[in-house]
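Here's the structure we're looking at; comments come further down.
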Amino acid sequence: MSKKLVMVIGSLMLLFLGGCSLYQNVIGNTDLMTSYLEDTESITDGYLMLLNEEATIEDEEELTNFTEDRVIPTLNQLLADSNEVEANYSDEQLLEVHALLPQSFELLVEANEKWLEGNDEAEDLFMQSEELYLQYENDLEKLASKWGIEIVWEDIEE
């Protein structure tokens, strides 16, 4: 066998093995992302439905009661659920993106508590929370795309 043919066969074998490795990595990450999206669907849906419900309240007294009775307890539950989901994963890239979700919820709980106290810091905390949540969605979309999945966000109906 000629030296050139051996090099071509060797190169093709390396390409094939590299392709198989890449294929397994993409497929494994696709499954991982799909699992993550399923695990966090109720969390993100609950969060968005809560915000939609809150946005319909116009009376300040009703909003205060809603914040005390519904918003803060629900956010604390979503935070706990988010921490439970985190415990199920070990991929560093995914965990880095996921960390934005509970951070956003923590800031939103703090913002609502400050708002109930009449503290002016609340507005900045609301904005920071929203920015973190939007960054979470954006970073999650990027990672999903990298792993071969396109996320299509659906409108939540009450």
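So the values come out like this:
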read-out: For residue 124, solvent-accessible area (1.4 Å; no DNA, RNA or ligand), Å²; value: 90
read-out: Loop chymotrypsin sites (Phe, Trp or Tyr not before Pro), segment 37-145 (other Cβ atoms within 10 Å of the site Cβ: 15 or fewer; DSSP); value: 89
read-out: Dipole magnitude (debye, nearest 20) for segment 25-158, charges at Cβ of Lys, Arg, Asp, Glu; value: 740
read-out: Percent carbon-and-sulfur accessible area, segment 22-158, ignoring ligands, DNA and RNA, probe 1.4 Å; value: 44
read-out: Sites matching GluC sites (Glu not before Pro) across segment 96-150 that sit in DSSP coil, with at most 16 neighbouring C-beta atoms within 10 Å; value: 121, 150
read-out: Loop GluC sites (Glu not before Pro), segment 40-78 (other Cβ atoms within 10 Å of the site Cβ: 12 or fewer; DSSP); value: 58
read-out: Theoretical gain in end-to-end length, residue 41 to residue 138 [0.36 nm per residue, Cα-Cα removed]; value: 33.4 nm
read-out: Karplus (6.51, -1.76, 1.60) ³J(HN,Hα), θ = phi - 60°, over segment 29-40, in Hz, Gly and Pro reported as x; value: 6, 4, 5, 4, 5, 4, 4, 4, 4, 5, 5, 9
read-out: Sites residue 99 and residue 120 - FRET efficiency at Förster radius 25 Å, r taken between beta-carbons, to 0.05; value: 0.35
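The values are calculated or read from the model by the stated rules, or taken from the named source; none is laboratory data. Please read all numbers here as calculations on a predicted model, not as lab measurements. All Cβ positions, glycine included, derive from the backbone under ideal geometry; neighbour counts span all protein chains shown. The protein model used for the area step is the full one, side chains on, heavy atoms only, and it has no ligands, DNA or RNA in it. Shrake-Rupley method; radii C 1.70, N 1.55, O 1.52, S 1.80 Å.
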